[in-house]
1. Restricting the search to the stretch 1-14, which residues are in a helix (DSSP H, G or I) and either over 16 Å from residue 62 (Cα atoms) or out of contact with any helix residue (DSSP H, G or I) (no Cβ under 6 Å at 6 or more places or on another chain) (or both)?
2. For the stretch 96-105, check the following and say yes or no: at least one residue is under 16 Å from the mean Cα position of the chain (by Cα), closer than 24 Å to residue 48 by Cα, modelled with pLDDT of 95 or more and in a helix (DSSP H, G or I).
3. Go through (1) loosely packed, with under 14 Cβ neighbours inside 10 Å; (2) touching a strand residue (DSSP E or B) at 6+ places or on another chain (Cβ under 8 Å); (3) farther than 21 Å from residue 18 by Cα one by one and return the number of the condition residue 99 breaks.
4. Go through the stretch 128-139 and give me each residue that's part of a loop (DSSP other than H, G, I, E, B) and in contact with a helix residue (DSSP H, G or I) (Cβ under 9 Å, 6 or more places away or on another chain).
5. In the stretch 19-32, is there at least one residue being farther than 17 Å from residue 95 by Cβ and touching a residue at least 40 places away in the same chain (Cβ under 8 Å)?
6. Collect the residues in the stretch 140-158 that are touching a strand residue (DSSP E or B) at 6+ places or on another chain (Cβ under 9 Å) and in a helix (DSSP H, G or I), keeping them in residue-number order.
7. Listed residues 74, 94; which is buried (at least 21 other Cβ atoms within 10 Å of the Cβ) and farther than 14 Å from residue 23 by Cβ?
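The values are calculated or read from the model by the stated rules, or taken from the named source; none is laboratory data. Predicted, not measured: the structure shown is a model, and the values here were computed from it. Virtual Cβ from ideal backbone geometry, glycine too; neighbours counted across all protein chains shown.
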């Protein structure tokens, strides 16, 4: 029982959307003032399908016994003035189903995201992680990421 990572296909759309909504809800629970409550399954399916077809992006799925247990979404930016980056791939989303954690699916997705980023032209992979998501922060550190920025938010209606 080994994990296989491949580019997402149309038949993976429903599983990706289900996991994306779990990821969105997790973030909203961390900080409802910062993270929007997105819950439109069909919207998530359309969004990730469009990103899977984009020339500057990749949507990957982790399969365990041919069942989707996680996904990753990254996008290449040649030049990003707002984030002071060039030739970078942004790992926007990475999610592994709780039942599949500790199977190597997360590490396999990171490895595949690094490869996909290189294929898109990137020389670095960057991500943001919710400050309250200690599990993910520890995971990303263990897989070689280092902290470079801290996002801060203030409400404008306070």
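1. 10, 11, 12, 14
2. Yes: the stretch 96-105 contains one or more residues that are under 16 Å from the mean Cα position of the chain (by Cα), closer than 24 Å to residue 48 by Cα, modelled with pLDDT of 95 or more and in a helix (DSSP H, G or I).
3. That leaves (3) as the condition not met.
4. First, the residues of the stretch 128-139 that are part of a loop (DSSP other than H, G, I, E, B): 128-133.
129, 130, 131, 132, 133 - these are the residues of the stretch 128-139 that are part of a loop (DSSP other than H, G, I, E, B) and in contact with a helix residue (DSSP H, G or I) (Cβ under 9 Å, 6 or more places away or on another chain).
5. Keep residues of the stretch 19-32 that are farther than 17 Å from residue 95 by Cβ, which gives 31-32.
Imposing the further condition that a residue be touching a residue at least 40 places away in the same chain (Cβ under 8 Å) reduces the set to 31.
Within the stretch 19-32, one or more residues are farther than 17 Å from residue 95 by Cβ and touching a residue at least 40 places away in the same chain (Cβ under 8 Å).
6. Going residue by residue through the stretch 140-158, those that are touching a strand residue (DSSP E or B) at 6+ places or on another chain (Cβ under 9 Å) are 140, 145, 148-149.
Scanning the stretch 140-158 gives a single hit, 140.
7. Working: 94 fails: farther than 14 Å from residue 23 by Cβ.
Only one candidate qualifies: 74.
The rows are residues; the columns are (1) at pLDDT 95 or above; (2) on the phi > 0 side of the Ramachandran plot; (3) assigned to a helix (DSSP H, G or I).
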residue: 16; (1), (2), (3): yes, no, yes
residue: 19; (1), (2), (3): yes, no, yes
residue: 24; (1), (2), (3): yes, no, yes
residue: 39; (1), (2), (3): no, no, no
residue: 43; (1), (2), (3): yes, no, yes
residue: 62; (1), (2), (3): yes, no, no
residue: 76; (1), (2), (3): yes, no, no
